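Peer 1: The structure's right below; bear with me while I get my questions together.
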Amino acid sequence: MTNNLGETIRRLRKLHDITQETLADAVGVTIPAVSKWERGECLPDVTLIVPLASYFGITTDELLGVSEEVRRAKIQKWYDDYKPYICRQTKEIAQAHFDGLLALMEEFPNDFELMNAYIVFAVLDPEFYGEADQTEKSRKKNFRRIEECCRTILEKCTDECKRQEAFSELAELYASDGRLEEGEKLLMENVPFELRHQKIAALYNSVDHPDTPDKFRNTLYYQMKSLLETITFYLDWVKPVEKKRDLYRRTIAMIQSFCGDDLGTLYFHTAYLCHQACADFTNAGLLDEAMEAAEICLRDIHRYDGLPEKCTFTTGIIEGYTKSTVDGAMEAADMTETEFMLGLFEQNWAAPLREREDFRALLERYRLR
């Protein structure tokens, strides 16, 4: 322990605006004991270091005055020393790297970055290097320490990336212990929606579950849906209409290659993509191309409205995936998506198109369906 420990305790107490009496009660000592620490007359008992650090919300290293620069340099050296061997892995190299991590954790037991590294590397324990069931054996051997690191990160760390890694590993740890439902519940309640399906697919894959293909199909569907939404937002910022025309064409082709002959619930997204294309072409004075986009838009949104409440894809990468088509907002408005889309074509931007007889006939055709 450093000689300035008492000064550190006094500084932290003042910073948090607490009295010596409050601190003494919190860690179970007398007021004179706290006073002696702060005057440098004696040091806290070693058993009080962790409670004191926890009380002030810092690591024991910070409490004891361990240089942050030294700590960071040692951890960085551990990373750097291993880089040349990542692609030339052997059991001996893996063991040396893992042993180095364990040594750092002994030196800096409250470092969240090292805990995060441990939960990544401990599931591939070098003791079982090259064995078919390496991950299974590693989790069984290191179960308690992995769980402890995950729980500590989740309880005390504010870094969201480290927290998400801890949630994922803890879920897979529980799944390996026969607690798959508990692991899935953990992910459902704590992982952001945009990552949830991917994490759950990885969870099921980690235990070779028969439902794993369904989880991956689910993930692929939401990734494609998210990609389409991102492209749609991006196209708002693309200015040259020639470039937009090409991007619309390529995006539709991408969806078709993904889904094959059955676009299923993604007809909704192709319809709205074509609606956007129609508006862009109309504003650019390309009315023939706008008319073509409008036809595809209304055709696809009508197909979407014709899907059953539970739609199963019949072709493409996600063949067999079932998705609900129920939309609470549309049900509440007592309106189909086709009716809503027809209303969009009544807006001011579509005035030049409404002057065309073929466009008016198109709208009338879908109003009657």
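Since every read-out is calculated from the coordinates, none of them should be taken as a lab result. As the structure is a prediction and not an experimental result, all values here were calculated from the model. All Cβ positions, glycine included, derive from the backbone under ideal geometry; neighbour counts span all protein chains shown.
Peer 1: For the chain, would you read off the P(r) tail past 40 Å as a percentage of all alpha carbon pairs?
Peer 2: 44 percent
Peer 1: Given Cα pairs under 8 Å that are at least 6 residues apart, what percent is the relative contact order of the range 240-369?
Peer 2: Normalised by residue count, the contact order of the range 240-369 is 25 percent.
Peer 1: Moving on. At what distance in nm do the modelled label points of Glu148 and Arg356 sit from each other, each positioned 7 Å from its Cα along Cα→Cβ?
Peer 2: 7.1 nm
Peer 1: Here's something else I'd like to know. Can you pull the one-decimal nm distance between simple spin-label points at His16 and Asp214, each 7 Å off the Cα toward Cβ?
Peer 2: 4.9 nm
Peer 1: Provide the per-residue ³J(HN,Hα) series for the range 242-254, in order, calculated from phi with Karplus coefficients 6.51, -1.76, 1.60 and θ = phi - 60°, each as a whole number of Hz, with x at glycine and proline positions.
Peer 2: For the range 242-254, the Karplus-derived couplings read 4, 5, 4, 4, 5, 5, 4, 4, 5, 5, 4, 4, 5 Hz, x marking Gly and Pro.
Peer 1: Here's a follow-up. Would you mind checking Lys185/Lys310; Lys91/Lys162; Lys243/Lys310; Lys83/Lys215 for any pair whose Cα atoms are more than 32 angstrom apart?
Peer 2: The answer is Lys243/Lys310; Lys83/Lys215.
Peer 1: Find the relative contact order for the range 111-166 and round it to a whole percent, using C-alpha pairs within less than 8 Å whose residues are 6+ positions apart.
Peer 2: 41 percent
Peer 1: Residue by residue, what Karplus-based ³J(HN,Hα) values in Hz, rounded to whole numbers, does the range 174-190 have, using 6.51, -1.76 and 1.60 with θ = phi - 60° and x for Gly and Pro?
Peer 2: Per residue, the Karplus-derived 3J(HN,Hα) values read 5, 4, 5, 9, x, 10, 4, 4, 5, x, 5, 4, 4, 5, 4, 8, 10 Hz.
Peer 1: Taking the simple approach of a point 7 Å from Cα along Cα-to-Cβ for both Lys185 and Gln256, what is their distance in nm?
Peer 2: Here the answer is 4.7 nm between the modelled labels.
Peer 1: Among the GluC sites (Glu not before Pro) within the range 1-83, which fall in a DSSP loop and have no more than 13 other Cβ atoms within 10 Å of their own Cβ?
Peer 2: For GluC sites (Glu not before Pro) across the range 1-83 that sit outside H, G, I, E and B with at most 13 neighbouring Cβ atoms in 10 Å, the list reads Glu41.
Peer 1: Long-range amide H contacts for Asp125: which residues qualify at under 5 Å (H placed 1.01 Å from N, peptide plane, sequence gap of 5 or more or a different chain)?
Peer 2: It is Ser138, by chain and number.
Peer 1: State the cysteines of the chain left without a partner when partners are defined as other cysteines whose beta carbon lies under 4.7 Å away.
Peer 2: So far as the 4.7 Å Cβ criterion goes, Cys42, Cys87, Cys149, Cys150, Cys157, Cys161, Cys259, Cys278, Cys311 stand without a partner in the chain.
Peer 1: As an exercise, identify the GluC sites (Glu not before Pro) in the range 318-356 lying in DSSP coil whose Cβ has no more than 16 other Cβ atoms within 10 Å.
Peer 2: Those that pass, being in a loop and sparsely packed, are Glu319, Glu346, Glu355.
Peer 1: For the range 89-221, what is the convex hull (Cα atoms) projected area averaged across all directions, in square nanometres?
Peer 2: Taking a quarter of the hull surface, the average projection is 8.4 nm².
Peer 1: Once amide H atoms are built 1.01 Å from N in the peptide plane, which residues 5 or more positions from Asp262, or in another chain, come under 5 Å H to H?
Peer 2: The list, which skips near neighbours in sequence, is Thr315.
Peer 1: What is the ratio of the Cα radius of gyration of the range 213-367 to 2.2 N^0.38 Å, where N is its residue count, to two decimals?
Peer 2: 1.06
Peer 1: Counting alpha carbon pairs within less than 8 Å and at least 6 residues apart, what relative contact order, in whole percent, applies to the chain?
Peer 2: Worked out over the chain, it gives 8 percent.
Peer 1: Let me ask something else about it. Starting at the first residue of the range 22-38, write each ³J(HN,Hα) from the Karplus equation 6.51 cos²θ - 1.76 cosθ + 1.60 with θ = phi - 60°, in whole Hz, x for Gly and Pro.
Peer 2: Here the 3J(HN,Hα) series is 4, 5, 4, 5, 5, 10, x, 10, 8, 4, x, 5, 4, 4, 5, 4, 5 Hz.
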